Structure formats: C-alpha cells, structure tokens
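Asker: Dropping a structure here in structure tokens format, bear with me for questions.
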Amino acid sequence: MAKTAAALHILVKEEALAQKLLAQLEKGASFQQLAKKHSTCPSGRNGGDLGEFRRGQMVPAFDKAVFSCPLLKPWGPVKTAFGYHIIKVLWRN
C-alpha cells in the first residue's frame, strides 16, 4: 500500500529567508502564521497546509524529505524548482 503523509510547508524564493524562518520556528514562532505571512505557495493562505498526499505525488526532493525527516519538527530548507521549503510533517504511515 502506498505511504501517505500530511504536512505543512512554507515556500520562499531565497535560502537566507528560509533559514531565518527556520530559526524563528525553532524559537517557538507559529508555523501557520509564518506561512500566511511569507509563503509564496497558495497553501500559505491555509497556514501552509498541504493536506494528505501519497508518496510520489510531490517533487522528488520534497517527497524524500517528507518521508524521512522527523515528525512535528520544522525541517529544511529543502530546495526544489519552486524555491526553498520549510516542512513540518504532521503524520505519515
């Protein structure tokens, strides 16, 4: 059976901004608030919520991170053709 996961992400164009946001998250900033303010992805309006998706549905670097990084801990930046992602995996199976 295909593995599935649910995650939040923040997508930005510059790696430096991604690093700055990650540092804010590590100090306890709200992932959803930062996503609404900074994410260039349409999911930013929903606090970065990507919902549930199957392994292989996202671009390879993002997919690999989601299915290997620690749960519930902001992770990144992960570089893709879209920019730099900070990812927070809510669950996976």
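The values are calculated or read from the model by the stated rules, or taken from the named source; none is laboratory data. Bear in mind that the values here come from a model prediction, so they are computed numbers and not experimental data. Methodologically, a virtual Cβ is constructed for each residue, glycine included, from the backbone with ideal geometry; neighbour enumeration extends over all protein chains shown. Note: areas computed on protein heavy atoms with side chains; ligands, DNA, RNA excluded. Shrake-Rupley method; radii C 1.70, N 1.55, O 1.52, S 1.80 Å.
Asker: Can you list residues from other chains, or at least 5 along the same chain, whose modelled amide H is less than 5 Å from the amide H of G47?
Answerer: K36
Asker: Nearest 10 degrees is fine. How inclined is helix 15-26 to the longest principal axis of the chain, computing both from alpha carbons?
Answerer: 90
Asker: I'd like the Karplus ³J(HN,Hα) series for region 51-61: coefficients 6.51, -1.76, 1.60, θ = phi - 60°, whole numbers in Hz, and an x wherever there's a Gly or Pro.
Answerer: Once rounded to whole Hz, the list reads x, 9, 8, 8, 4, x, 7, 9, 4, x, 5.
Asker: Right, another one. Would you mind calculating the gained length between L71 and R92 on full extension (0.36 nm times residue separation, minus the Cα-Cα distance), in nm to one decimal?
Answerer: Answer, rounded to one decimal: 6.7 nm.
Asker: Within a Cβ distance under 14 Å of A7, other residues only, what is the Lys/Arg minus Asp/Glu net charge?
Answerer: Overall, the nearby charge balance is +4.
Asker: Rounding to the nearest 20 debye, state how big the charge dipole of the chain is about its Cα centre with +1 on each Lys and Arg Cβ and -1 on each Asp and Glu Cβ.
Answerer: The calculated dipole for the chain is roughly 80 debye.
Asker: Then there's this: If you stretched the chain out fully between E52 and K3, how much longer would it get, using 0.36 nm times the residue separation minus the C-alpha to C-alpha distance?
Answerer: Taking E52 through K3 to full extension adds about 16.6 nm, to one decimal.
Asker: Here's a follow-up. For the chain, which span is the longest to avoid every loop-located (per DSSP) member of trypsin sites (Lys or Arg not before Pro) having at most 14 other Cβ atoms inside 10 Å?
Answerer: Details: sites that count: K3, K13, K27, R55.
Longest run free of exposed loop sites: 56-93.
Asker: Here are some values of mean projected area of the Cα convex hull in nm²: (1) 5.8; (2) 6.1; (3) 5.2. Which one was computed from this structure?
Answerer: (3)
Asker: Give me the percent of the accessible area of the chain that comes from carbon and sulfur atoms, probe 1.4 Å, all protein chains in place.
Answerer: Of the solvent-accessible surface of the chain, carbon and sulfur hold 54 percent.
Asker: Write down the accessible area per residue of the chain in Å², having rolled a 1.4 Å probe over the full set of protein chains.
Answerer: Value returned for the chain: 57 Å² of accessible area per residue.
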